[in-house]
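Here the structure comes first, spelled out in structure tokens, and everything after it is commentary.
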């Protein structure tokens, strides 16, 4: 049976599923309920200096829904903890004392001065918590005060603050990165240079969820006025996966432990983050939508998958897919695929024909012998996968790779089976022969 126990930068937990720093981890009562449900760890909602911040007393969340009203994205304008620092520290200490086998990590955000960090870190250590997560990611409210993503967008600041924290604390330091940046490798490299034990990502994405067109006001709003917030949930997952993979495969950050965050709702989501280099994962939106007991499905699903695939531990899975991520210029330009419609599964809806005809390569015919019938025209098909992606019937459409010796009817060329990429292609003016 698969072993789900996790050791991340020396922090042990019974499984790799932690609750991310957010409203679900704001209070002792929440965290205790989470541990009773089975979560392996929590990152406490970000604490800061006293006097504590003040949150709006109105809408803090907005949502985007799928057609079935399933939440696919959240927007959040809540700031860091609005409770006194001492209250948070005392509760953190009690939770860790009562749940010694669970991971308790303190998320911290204070002004970008050495004195501020030097002052708060000993208080964090005194709680007995397992580590510190530096919140350099929050894109709203706190960034206006020179904290959060205002620090995370400047690699020099990241390195500087990380160095302070390594100097003034013996706890593992995890740097939480913002996605609101052009190249996430730069802040990750800075964190590593500063001595960070790990990075966590992604934090939320700057966003406005929509506009009430009757009132002509953004939503959500407080007394008619609103502010951009942080977007999270399933819609953020592809962005998060890319950024995790970029750090995992960058020669300057390869090997840096990663805690993966961003739209994790199912065990499969978690497994994808782990496969792309994460050592554990953090969850927020899914817990806010479905409650703490979803951790049971996460654990059961991941354990069953690991048993089926023969993985004994999470570490054996971590990073297994990283080698398949590369730059576009290195993709094999001699590889050719064609779409195939499996007529026994096709329901004749015609969506594949419509999208291919209107927006792609006019490679799917709509009639045969005067009757409605959908068929791929291989002489036009480029294997783009659009038809497969929009087909409503799983398995009704797929791609077939041409074997060496077969002729690509579109180009008239025989598939060689040899590897060639853009760096050597004759159309490339900078090709290396």
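Selection of the range 341-375 for residues being within 17 Å of residue 393 (Cα to Cα) and touching a helix residue (DSSP H, G or I) at 6+ places or on another chain (Cβ under 6 Å) yields 351, 352, 355, 356, 364, 374.
In the list 43, 104, which residue meets the criterion of being surrounded by 14 or more Cβ atoms within 10 Å (Cβ to Cβ), closer than 30 Å to residue 221 by Cβ and in the same structural domain as residue 261 (by TED's automatic domain parsing)? Lay out the reasoning, then the answer.
On the way: 104 fails: closer than 30 Å to residue 221 by Cβ.
The match here is 43.
Scanning the range 87-135 for residues that are modelled with pLDDT under 95 and either in contact with a strand residue (DSSP E or B) (Cβ under 7 Å, 6 or more places away or on another chain) or farther than 23 Å from residue 152 by Cα (or both) gives no hits. Contact map, the range 29-48: residues that are without any contact (Cβ under 8 Å) to a residue 60 or more places away in the chain paired with residues that are part of a strand (DSSP E or B), Cβ distance under 9 Å, separation 6+ or inter-chain. Pairs shown: 30/19; 30/42; 30/45. For the range 164-174, the condition of being farther than 25 Å from residue 95 by Cβ, touching a helix residue (DSSP H, G or I) at 6+ places or on another chain (Cβ under 9 Å), assigned by TED's automatic domain parsing to the domain that holds residue 277 and modelled with pLDDT of 95 or more holds for at least one residue. Only one of the numbered conditions (1) more than 15 Å from residue 295 (Cα to Cα); (2) more than 19 Å from the chain's Cα centre (by Cα) is violated by residue 37, and that is (1). One residue alone among 403, 371 is out of contact with any strand residue (DSSP E or B) (no Cβ under 9 Å at 6 or more places or on another chain), over 28 Å from residue 327 (Cα atoms) and either modelled with pLDDT of 95 or more or surrounded by fewer than 11 Cβ atoms within 10 Å (Cβ to Cβ) (or both), and that residue is 371.
Closer than 17 Å to residue 24 by Cα and either loosely packed, with under 15 Cβ neighbours inside 10 Å or in contact (Cβ under 8 Å) with a residue 24 or more places away in the chain (or both): is that true of residue 110 in this structure? Show your work before the answer.
On the way: closer than 17 Å to residue 24 by Cα: no; either loosely packed, with under 15 Cβ neighbours inside 10 Å or in contact (Cβ under 8 Å) with a residue 24 or more places away in the chain (or both): yes.
The answer is no for residue 110.
Residues in the range 129-161 that are surrounded by fewer than 24 Cβ atoms within 10 Å (Cβ to Cβ) and part of a helix (DSSP H, G or I): 142, 143, 144, 145, 150, 155, 156, 157, 159, 160.
Taken over the range 227-254, the criterion of being over 14 Å from the mean Cα position of the chain (by Cα) and at pLDDT 95 or above is satisfied by 249, 250, 251, 252, 253.
The values are calculated or read from the model by the stated rules, or taken from the named source; none is laboratory data. Everything quoted here is computed from the prediction, not taken from an experiment. Virtual Cβ from ideal backbone geometry, glycine too; neighbours counted across all protein chains shown.
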